[in-house]
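Working notes for the structure below.
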Amino acid sequence: MAHLFFDFTPIYRTLPFLQTTPPAFEPTPKHENTAPHPKPPRTPSRSIFPKYPISDILPFMRKKVNWSFRNTIFLSIILVLGGSAIFFQAPIREAAGNFYDRHLRKPSIGMEAVDVDSLSMKKVSIEEILASPEQYGLNESMLIVNKDYKVSREESFDIVYYKDTDVPMNRAIVSDYARLSAAVLDACGEKMFVMSSVRTYDEQSVLYDEDPVVAAPPGESEHHTGLALDVYAYQFAGPGFLDSPVGKFVNKYCGDYGFIIRYPEGKEAVTNFSYEPWHIRYVGFPHSQYISDHRITLEEYFDRFEKDQYYQIDSYLVSRQDGPEYWIPETYEAISVSPDNTGAYFITISGAL
């Protein structure tokens, strides 16, 4: 069988622990005559550590590589890992924080059914609410739009332009979007921009024809309502939005400003959309805080309400009622009434407890 040979000369010359007497090999026979034996010329292939079969050298290597050298190797590995941990400290800390928020952190905002008999209530009809929209805080903040609850081409929504810009959005979100935008600039030192807001039925049809995997069919997009915004930061849009300080801030704190990440990670089976960290949706308070705190979707939030029952969420009273008459407290500080696109209305009360 042919032997595999390896020249260990470079290793020998660079590693001091190997510079010992090699194992005994067959000595060169001496000449019979008395004349001095001429030294053969030294060639690169002939050295103090010539070529020998690896099967003969490895036992010698194992014998000479003592525990001290092994400990040195082990220490080197530890130093490399420790240096890497220091170098990647921020990403590791961020990843650990995200994992904790997503899987380990317990929600801090509760939802408890309230005995309505303990409250002084009165009935109001939908006609009264529609006749006095400002008195009852009528808005569209809790509309849900998906494959089960669609909107028609003929439906119109309360759309205005944001401040002095040409960006259309639902009237309900203007003031809180201004607060979120100011908070982003203050925390990140850069602005957040709107890439897409309101879309008509025809505009959504074009997008759906171009990419039916990403875009919702016309009638199933929340962009029709003006409650959804696709936002971005300078040089960071789409999936890359989350790589920017603005994207990280929005995804972590938008709930404090009335918005939610409408299509969160891990909820694709519920929303039928992949994770979209750039797609924010307005729902108002305390809904945004509860949804974000519990890491649920708008669909799952709706399912937690028993019809005509009031719940206490933080300092708010919230009820989802079918009508046509609605129970509301006789006294309160503020009220918000919004249709939900399923035939029911969300009634949100503050200052009644």
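What follows is calculated from the coordinates using simple rules that are stated; it is not laboratory data. Values in this document were obtained by computation on a predicted structure and should not be read as measured data.
Annotations for the structure displayed:
- Cross-link reach list, aspartates and glutamates versus K248, counting only Cα pairs under 19 Å and skipping chain neighbours closer than eight places: E94, D101, D176, D186, E190, D230, D256, E265, E276, D293
- Karplus-derived 3J(HN,Hα), 6.51/-1.76/1.60, for each residue of segment 265-272, Hz, glycine and proline x: 5, x, 10, 4, 5, 8, 8, 6
- Per residue, the average separation of C-alpha pairs within less than 8 Å and at least 6 apart gives segment 206-353 a relative contact order of 15 percent.
- Over 27 Å between alpha carbons, listed pairs K191/K267; K147/K191; K123/K252; K106/K252; K252/K307: K191/K267; K147/K191; K123/K252; K252/K307
- Between segment 125-156 and segment 295-330, the Cα center-to-center distance that results, in Å: 15 Å
- Karplus-based coupling profile of segment 231-245, in residue order and whole Hz: 10, 7, 10, 4, 6, 9, 9, x, x, x, 4, 6, 7, 9, x, with θ = phi - 60° in 6.51 cos²θ - 1.76 cosθ + 1.60 and x standing for Gly or Pro.
- Cα gyration tensor category, rounded, prolate or oblate, for segment 150-282 with a/c compared to 1.5: oblate
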